[in-house]
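Taking it in order: structure first as structure tokens, then the write-up.
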Amino acid sequence: MVTAVVVVLVATATVSSIGGSQLAASRNQSRAATAQLAEQDQERMRAIRTSDLANFTDSHSQTLGGITYKVDSSTKFVTDTGAATISCTSTGSATQYLQLTTTVTPPPGRRMTPLTVNSIEALPVSQFSPTSGALSQLVLKADGVTPQAAGIPVTLAGPQNRSGFTNAAGCAVFTFVTPGSYKVTVGPYQPVAGAPGFVDKGGNESSVTTTSINVTPATITTAPTDIYDQGRYINILTDTLRNDGKGSDTFQWTDGVSVSNSGIPTSGVQITNATPDTVFPFTTPVYTYAGACKASDPLKWGPANYYTLHSGYGPTTPSPATGPFTVTVREPPIWTQFNFNNGPSSKVAKVYQTDSECAPTAPPAPAPEPIYTTTVNSDGTLARATYPLGTYKICVQAVFSGTTRSLTVNNVANTTWGGVGTSAAPAGGTQTLSNTSPAGSCPAY
């Protein structure tokens, strides 16, 4: 019995030893394979023309010994001062080289870590092509100081169409660029599916840093710095309650919603036509209101506490909070009253916003600002009564015995929370359109 136990123990130890030896042999084989594939990929990159290696990335699968490995290849420019990543603020005093990087990853279950191999392409960048130029694009985080992470796409459009990515210094470097004028675009970039993508201060997912920058031979051209960071979703609710007992109008997204912050370039306003939308993570409040014209900003017409008097209507600071935020925008109602004599047909109203910030231009130029078209209810009120804050003129036209006739109410000030006009005192007074009214349609502008 004792002899049998000893035999079993010896047999078990022998099997365990064999299994361990086989596992060690398998690991050694995989290590050798990853090293072989890494060296092959390094040789492959060295055989590529240097001009084609600038901002090079590649990912492919390769099978060796019946096992499929993932091979990732990339290059970046480094200096001869400690092989530091090239930044967009480099002085150019250090010689630049290409670092070739290969990472070979075994399949799951091999219980091996990926193998990464780096090598340096010894020829300095300055000697590659004296007839072409270089261009760098720096991308910063929302604070305007910290470089963005590596991997944000940057594209050039011009005599050449080029694409690349930011490095660890937030810099995208393009070399061997054909001289000429280029448009430079950062993004789009959405690292996490379902999360907000990156945007610039104007809310643009594709941020154009310049539409025309000239690249000259043997010179590093620096594009304007771009501030580009992960945005935040804004959910917009709408308040279109009428004051004539007819409930609420349907909000028209074609009117636009303005998101206002002094950090937004040019106009200080981002226009959105859908919800949710993405806004830049400003650290100062954003103010949101209905309409695409700055004259619809409540702060133009009311006290600075307009928003705080009405909970849920803003303002809101997008950063440093995370997740979506919700805000409500209001379109106050206009109560007008039109009477029609002699049974006209085709009763139509046009509502024009006339504030100087958004007044329509005269023909033949197109009208860039709000003109709304609606019908007239049987009781003489407008079918659509709610509009963005502002000053309006309202024209009504109808057809009398084949002749179109119209009348206009001017200076309708829809500039308060509750709107303008009541049943007892309609905006502009009660107006009558009849077969003796002036002939002609409402103006285009």
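Cβ-Cβ contacts under 9 Å between residues 6 or more apart (or on different chains), taken from a first residue in segment 407-425 that is hydrophobic (A, V, I, L, M, F, W, C) to a second residue that is exposed (fewer than 12 other Cβ atoms within 10 Å of the Cβ), are listed as Leu407/Pro438; Val409/Gly429; Trp417/Leu309. Checked across segment 231-240, the condition of being in a loop (DSSP other than H, G, I, E, B) and surrounded by 15 or more Cβ atoms within 10 Å (Cβ to Cβ) holds for at least one residue. Taking the criterion of being closer than 19 Å to Cys88 by Cβ, exposed (fewer than 14 other Cβ atoms within 10 Å of the Cβ) and either of a type in the set (Asp, Glu) or under 16 Å from the mean Cα position of the chain (by Cα) (or both), no residue of segment 191-228 qualifies. Of the candidates Ser181, Ser163, the single residue that is at pLDDT 95 or above and of a type in the set (Gly, Ala, Ser) is Ser181. Taking the conditions (1) open to solvent by 60 Å² or more (accessible area, probe 1.4 Å); (2) touching a strand residue (DSSP E or B) at 6+ places or on another chain (Cβ under 7 Å) in turn, Gly402 satisfies each one other than (2). Residues in segment 62-88 that are under 31 Å from the mean Cα position of the chain (by Cα) and at pLDDT 70 or above: Asp72, Ser73, Ser74, Thr75, Lys76, Phe77, Cys88.
Test Tyr313 against the criterion of being in contact with an Asp or Glu (Cβ under 9 Å, 6 or more places away or on another chain), more than 20 Å from Gln353 (Cα to Cα), of a type in the set (Ser, Thr, Tyr) and part of a loop (DSSP other than H, G, I, E, B), and give yes or no. Answer is yes for this residue. Identify the residue in segment 414-445 that is of a type in the set (Val, Ile, Thr) and more than 30 Å from Tyr307 (Cα to Cα) and, among all such residues, is most open to solvent (accessible area, probe 1.4 Å). Among residues in segment 414-445 that are of a type in the set (Val, Ile, Thr) and more than 30 Å from Tyr307 (Cα to Cα), the one most open to solvent (accessible area, probe 1.4 Å) is Thr436. Every test in (1) touching a Gly at 6+ places or on another chain (Cβ under 7 Å); (2) free of Cβ contacts under 8 Å to residues at least 24 places away in the same chain; (3) open to solvent by 70 Å² or more (accessible area, probe 1.4 Å) is passed by Pro265 save one, and that test is (2). Could you check segment 241-261 and list, in sequence order, the residues that are touching a Leu at 6+ places or on another chain (Cβ under 9 Å) and open to solvent by 30 Å² or more (accessible area, probe 1.4 Å)? Passing the criteria: Gly247, Ser248. The set of residues from segment 348-367 being open to solvent by 60 Å² or more (accessible area, probe 1.4 Å) and either at pLDDT 85 or above or in contact with a helix residue (DSSP H, G or I) (Cβ under 8 Å, 6 or more places away or on another chain) (or both) comprises Ser356, Glu357.
The values are calculated or read from the model by the stated rules, or taken from the named source; none is laboratory data. What you are looking at is a predicted structure, and each value in this text was computed from that prediction instead of being measured. Using ideal geometry, Cβ is built from the backbone for each residue, glycine included, and neighbour counts are taken over all protein chains shown. Just the protein is used for accessible areas: all its heavy atoms, side chains included, with ligands, DNA and RNA removed. Shrake-Rupley method; radii C 1.70, N 1.55, O 1.52, S 1.80 Å.
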